[in-house]
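Here the structure comes first, spelled out in structure tokens, and everything after it is commentary.
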Amino acid sequence: MDGLRGGAGEGVWVRLGAGPEEDAAALRRAGALLRRGGLVAFPTETVYGLGADALNPQAVARIFAAKGRPADNPLIVHVTGVEQAGPEVVAHWPPVARRLAERFWPGPLTLVLPAGPRVPAAVRAGLPTVAVRCPAHPVAQALIAAAGTPVAAPSANRSGRPSPTRAEDVWADLGPHLDLLLDAGPVPVGVESTVIDVTAWPPRLLRPGGLPVEELEAALGVSLAPPPALAQGAAAPAPGMKYRHYAPEAPVVLAGDADQGAGFLRRWLEEGQRVALVGCREDLEAVLRRTGADARWLALEDEPARPAGPLIALDLGPRARPDLHARRLFRALRAADAAGSTRVLALAVPEEGLGRAVMNRLRKAAAGGEVPGREREARAEGRDRL
Ligand code: TXA
Ligand code: MG
């Protein structure tokens with residue numbers, strides 16, 4: 001068949017877009033695989049997902065095995081709409097949840113709701129709740145419809161790695177584990193969905209993501225509550241509250257301003273490190289000006305040569321474009337690895353709109369290696385707790 005590429009194991013990589021009939025055939029095949037308990041990776045508008053039949057415990061177990069995911073981290077159940085999340089899946093829809101779904105679905109919003117009786121314990125990590133989302137990507141929609149069952153899908157990366165925004169990233173992490181990879185090119189949003197717990201009032205923000213918190217709060221008319229403190233030994237209420245996440249292989253430091261960034265860069269270059277500088281364009285330029293260092297600017301579309309030299313600059317886009325920062329973030333972290341970088345120096349982006357999600361991922365990738373700039377330090381009291 002055209003567009004088919006064989007791979008290690010049973011995995012098959014299908015590039016969509018060859019034609020409407022080819023695409024329809026690939027989606028039928030993917031739907032049938034899901035119904036038989038298979039693993040299908042597919043694009044959503046946020047990141048690529050690793051899908052299995054959400055109501056089949058054996059299929060769900062394969063997700064955890066393929067990702068190397070701890071069993072106490074629950075999965076998001078993907079549906080074609082509120083109708084597919086009936087009482088067997090979601091025991092009860094609070095009116096506020098229904099309103100949010102009407103307003104923001106399909107889209108990058110995940111709602112944590114009381115679980116119905118058919119959701120396997122493994123999907124919920126034993127919690128009494130289930131996370132549901134209706135993705136906006138047409139391939140995701142068509143796949144769930146073809147499967148005729150809700151689809152459990154975490155991001156399609158090995159646990160702890162940056163989330164995949166291209167089919168190539170999925171293949172690199174999970175190729176041999178997949179029955180099928182549906183490739184529809186790079187995803188538009190680039191960070192995962194916003195996760196909120198609507199079993200509480202006000203709803204709790206468990207993970208900032210592709211739907212800006214400001215939009216949610218405007219629709220709700222209240223501020224979202226912060227996540228509950230993590231009880232010892234409990235299932236993590238949101239990713240990254242318990243585990244290192246989103247991280248490339250090289251250690252990441254997150255610098256709050258150009259002065260801090262320049263300090264790290266000077267020291268690392270003296271030590272002979274191969275540094276990947278990640279940030280918005282104006283800040284990258286400011287750090288390079290301060291240090292007088294010479295960087296190779298990499299377009300994110302390019303595959304970086306390995307090793308790429310002592311300093312590469314990975315441009316997330318102009319400061320005023322948080323949408324581009326989100327779209328390019330995970331790609332940049334993966335490019336740092338591909339270039340053989342030994343250190344990643346990330347520069348803080350403005351923390352508004354999608355910038356909240358970007359900074360949340362950068363903090364988790366840095367896992368404590370955040371150095372607030374002077375201005376940020378002054379504001380640290382009021383900083384959000386995610
Ligand atoms: O955009 C996305 O959300 C992507 C695409 C594929 O849809 N999926 C995704 O899944 O990011 P994942 O597994 O990487 O992150 C989902 C997170 C889980 O780690 C978990 O902490 C939280 O959502 N979650 C899932 N079920 C939950 C529940 N019942 N209560 C609280 N949090 C839950
Ligand atoms: Mg994930």
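The figures follow:
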read-out: Surface accessible to a 1.4 Å probe, per residue, for the residues of the range 1-151, Å²; value: 39
read-out: Largest-first ellipsoid semi-axes for the range 248-352, taking √(5λ) over the Cα gyration tensor eigenvalues, angstrom; value: 18, 17, 11
read-out: Angle between the chain longest axis and helix 57-67 axis [Cα atoms, degrees, rounded to 10]; value: 10
read-out: Value of relative contact order over the chain, rounded to a whole percent, pairs C-alpha under 8 Å and six or more apart; value: 17
read-out: Percent accessible area from carbon and sulfur atoms, the chain, protein chains only, probe 1.4 Å; value: 51
read-out: Alpha carbon convex hull of the chain, volume per residue in cubic angstrom; value: 134
read-out: Rounded to 10°, Cα long-axis angle of helix 138-147 versus longest principal axis of the chain; value: 30
read-out: Tensor-based shape of the range 43-139 (alpha-carbon gyration tensor, a/c under 1.5 rounded, otherwise prolate or oblate); value: oblate
read-out: Qualifying GluC sites (Glu not before Pro) in the range 57-121, DSSP loop, other Cβ atoms within 10 Å at most 14; value: Glu88
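The values are calculated or read from the model by the stated rules, or taken from the named source; none is laboratory data. Note that this is a predicted model, so its numbers are computed, not measured. Here Cβ is always computed from backbone atoms with ideal geometry, including for glycine, and neighbour counts include all displayed protein chains. Only protein heavy atoms, including side chains, enter the accessible area calculation; ligands, DNA and RNA are left aside. Shrake-Rupley method; radii C 1.70, N 1.55, O 1.52, S 1.80 Å.
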